[in-house]
Amino acid sequence: MNALERRLDVALQLAERAGALAMSLRPPPGAAVATLKSAQDWLTEADGAVEAFLSRHLAEAFPEDGFQGEETGSGRAGALRWVVDPIDGTSNFARGASRWCVSVGLVGDGEALLGVLAAPALGEVFAARKGGGATLNGVAIRAARTQDLARGIVEVGWSPRRPNAPFHDLAQKVMAAGAMLRAGGSGAMGLADVAAGRMDAYVEVHINLWDVAAALAILSEAGAATSDFLGRNGMLDGNPILAAAPGVADAMAEMSGIPIPARQTGPFTDAPGSIRVSPAQS
Ligand code: IPD
């Protein structure tokens with residue numbers, strides 16, 4: 001087992017345990033059980049507990065690796081850096097809903113190297129490592145073959161970090177293209193749905209590294225097209241994000257003004273052997 005395979009193995013185990021911890025703290029349906037960090041930016045008891053759990057166990061397993069979490073902002077330096085969102089989709093979690101996940105990503109050398117998203121309330125675990133394929137509950141996944149947005153589903157993510165006008169503009173353009181519009185409250189889950197072929201694109205005018213670090217590895221291994229999130233200071237300040245099925249990537253890039261590197265767009269190709277299952281998953 002090489003270094004990345006070993007890290008994926010540990011990340012899978014820890015993300016599932018962290019998911020169980022979050023489930024044990026999930027509030028019942030009703031008004032939000034959480035505090036507000038700022039307008040519509042929620043913090044629950046589970047966010048702190050899950051981040052502390054992952055920070056501690058990742059440091060024990062890989063003391064040489066760095067760590068960055070959403071809530072504590074605790075930073076440890078290292079050539080490889082774990083990037084954790086303890087609960088992505090906090091607004092859903094805080095109300096007892098199911099669309100949220102624990103997100104554990106690993107970045108190094110400006111690349112997303114592996115990612116695990118554990119969504120225990122949905123019974124789903126997405127995983128990928130560079131060169132090892134992407135899986136959902138151990139089964140290989142692939143971005144959709146959709147070629148026409150008029151047959152597609154597109155999520156436009158929203159947060160209060162940016163003015164509403166660009167959100168309205170994007171939502172209007174998505175509907176004008178004939179696509180079905182979604183806004184599901186978890187960027188990581190929305191991106192994972194693009195990787196799994198359940199949606200055709202996810203776009204948001206600004207998102208943070210911890211929301212996307214794991215999903216970027218999953219998208220890339222599932223053959224989805226993605227914008228260059230980690231470039232241009234994305235690691236520090238966040239960036240816009242666009243992830244799309246290859247057949248609608250050009251149209252989404254033009255619509256949103258978020259470029260996608262050219263080699264990722266165009267007709268879907270399903271080369272033999274292009275779907276690989278990680279040994280850790282098989
Ligand atoms: C948020 C969610 C939301 C996305 C925001 C994120 P959080 O993360 O992923 O869907 O639109 O940009 O900040 O607060 O649930 O961890």
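A few remarks follow.
- Screening the chain for DSSP H helices whose Cα atoms reach 27 Å or more along their own axis and whose mean Kyte hydropathy is at least -0.5 gives 3-25.
- Computed magnitude of the charge dipole of the chain (debye, nearest 20; Cβ of K, R +1, Cβ of D, E -1): 320
- Amide H contacts under 5 Å for Ile141, placed H, 5+ residues apart: Ala134, Thr135, Leu136
- Using the Cβ of Arg6 as centre and a radius below 12 Å, the other residues enclosed give a net charge of -1, where K and R count +1 and D and E count -1.
- For the peptides 132-143, 49-60, the ranking by mean Cβ contacts within 10 Å, running from highest to lowest, is 132-143, 49-60.
- Cα centroid separation, the stretch 100-169 to the stretch 10-76 (Å): 18
- Per residue, the stretch 70-177 exposes 40 Å² of solvent-accessible protein surface, assessed with a 1.4 angstrom probe and all protein chains in place.
- Global geometry of the chain, whether rounded, prolate or oblate, following the gyration tensor of its Cα atoms and the 1.5 cut on a/c: oblate
- Highest-first arrangement of 151-164, 211-224, where packing means the average Cβ count within 10 Å: 211-224, 151-164
The values are calculated or read from the model by the stated rules, or taken from the named source; none is laboratory data. All of these numbers come straight from a predicted model, not from anything done at the bench. Ideal geometry is used to build each Cβ from the backbone, glycine not excepted, and the neighbour counts take in all protein chains shown. Note: accessible area is taken over every heavy atom of the protein model, side chains too, but ligands, DNA and RNA are not part of it. Shrake-Rupley method; radii C 1.70, N 1.55, O 1.52, S 1.80 Å.
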